[in-house]
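One structure is given here, and the rest of the page talks about it.
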Amino acid sequence: MTGNGRKTFRHLSEILEIARNQKSKKLAVAAAEDLYVLQAVLYANTENIIDPILVGDSDKILEICEENELDPEDIPLVDEKDPEKCCQLAIELIRQGEASLLMKGLVSTAPLLKAVLDKEKGLRKNELLSHAALIEVPAYHKLIAITDAGMNVQPGLKEKVNIIENAVEIYHRLGMEDPKVAVLGPVEKVNPKIQSTIDARDLKKMNLDGKIEGCLIDGPFAIDNAVSKEAALHKGIISEVAGDADILLAPDLDSGNILYKTLVFLAESTSAAVVMGASAPIVLTSRADSEKTKLMSIALAAALG
Ligand code: COD
């Protein structure tokens with residue numbers, strides 16, 4: 001786990017282990033009537049990672065459990081058929097201290113996030129909420145986070161500062177002091193026509209000036225230079241971050257989401273994804289995610305919560 005004096009993680013199973021060794025956390029599931037969500041949540045419960053509270057259509061939840069030999073006995077159920085109301089009820093459980101983690105069930109991402117962002121009844125904490133996916137890539141020597149692949153559509157410089165800070169917080173909470181942040185673009189030179197490269201230059205300067213702390217930021221980097229020392233050396237790039245990034249900051253949601261899903265669907269990677277910056281970590285998995293990804297996302301949220 002430790003290399004050159006820095007704590008790093010190679011496998012998501014290490015995050016699972018952290019979650020297992022902590023006190024079990026209460027997880028509120030919004031619209032829990034989904035087989036894959038129920039399987040992951042009930043399995044995580046048997047692993048003593050979380051204690052779920054299922055908010056949703058209780059008839060459907062019990063029917064799914066019966067048909068699939070899942071045992072929801074002793075798990076609290078809050079009956080609500082409307083998915084948007086489920087989001088509000090699950091959030092309310094967190095606001096009242098009944099739960100400390102939130103998970104999306106059979107409801108679209110946008111309504112859940114809108115309910116979380118509600119100024120009066122939501123879960124706002126930091127200035128900006130953002131999505132980060134911690135990914136185990138067989139071809140890379142440690143876990144790598146991609147942000148933002150799920151929430152902020154077209155972040156400007158200020159939003160990118162917040163997105164970096166939220167991703168850095170994940171590593172800090174996992175015990176790593178100074179994660180290396182690679183700011184991605186299509187090239188490693190600043191080009192006034194390419195906004196991502198200008199932002200990368202500015203973010204690097206803010207880091208050097210002490211305006212963004214607790215991490216080491218460099219860029220712009222094309223993806224090859226961020227994750228391959230060999231590619232970076234080939235281009236004559238000398239940087240502690242090049243080839244050894246812990247966090248990849250994507251230029252926008254389009255590129256972040258494509259990078260994330262390419263790794264998962266074409267490069268045999270597994271991910272654990274959370275939304276950070278709210279008063280509780282939020283598990284936002286989608287139907288297409290594997291069971292392992294769902295479990296690892298719950299474990300990551302539990303390890304952070
Ligand atoms: N953090 C904090 N506040 C925010 C954020 C954020 N990330 N985003 C918006 N807000 C605030 C705004 O400042 C404003 O005060 C209020 O929330 C409403 O802002 P809108 O009108 O821009 O936001 P919404 O409610 O229409 O949409 C917010 C979403 C997060 C739902 C929206 O950005 C979105 O749909 N993102 C993409 C989600 C998605 O489809 N992901 C796909 C991959 S899974």
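The values are calculated or read from the model by the stated rules, or taken from the named source; none is laboratory data. Because the structure is a prediction, the values reported are computed rather than measured. Note that each Cβ is placed from the backbone with ideal geometry, even for glycine, and that neighbours are counted across all protein chains shown.
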Review point. Considering segment 86-145 alone, what residues qualify as being polar (S, T, N, Q) and within 16 Å of the ligand (Cβ to nearest atom)?
Key: GLN88, SER108, THR109, ASN126, SER130
Study note, to complete from the structure: Selection over segment 45-60 where residues are touching a helix residue (DSSP H, G or I) at 6+ places or on another chain (Cβ under 7 Å) and at pLDDT 95 or above yields a count of 8
Exercise for review: Considering only segment 168-184, state which residues are crowded, with 24+ Cβ neighbours inside 10 Å and more than 15 Å from ALA200 (Cβ to Cβ).
Suggested key: VAL168, ILE170, TYR171, PRO179
Practice item. Would you please list the contacts, defined by Cβ atoms under 8 Å and residues six or more apart or on different chains, that run from a residue in segment 153-170 that is basic (Lys, Arg) to a residue that is crowded, with 21+ Cβ neighbours inside 10 Å and assigned to a helix (DSSP H, G or I)? Key: LYS160/ASP199; LYS160/LEU203
Review point. Within segment 238-295, how many residues turn out to be farther than 22 Å from ILE18 by Cβ, among the small types (Gly, Ala, Ser), within 16 Å of the ligand (Cβ to nearest atom) and out of contact with any strand residue (DSSP E or B) (no Cβ under 7 Å at 6 or more places or on another chain)?
Key: 3
Review point. What is the number of the single condition among (1) over 25 Å from ALA273 (Cβ atoms); (2) within 16 Å of the ligand (Cβ to nearest atom) that ASN162 does not meet?
Key: (1)
Review point. Where in segment 1-119 are there helices (runs of 4 or more DSSP H), lying wholly inside it, with at least 1 residues that are of a type in the set (Ser, Thr, Tyr) and touching an Asp or Glu at 6+ places or on another chain (Cβ under 9 Å)?
Key: 12-20, 35-46, 58-67
Check your understanding: In segment 127-138, is there at least one residue being hydrophobic (A, V, I, L, M, F, W, C), buried (at least 21 other Cβ atoms within 10 Å of the Cβ) and more than 24 Å from SER228 (Cβ to Cβ)?
Key -> yes
Point to revise | Top-ranked residue of segment 279-299 - restricted to ones that are over 22 Å from ALA115 (Cα atoms) and not acidic (Asp, Glu), ranked as surrounded by the fewest Cβ atoms within 10 Å (Cβ to Cβ) | key: ALA288
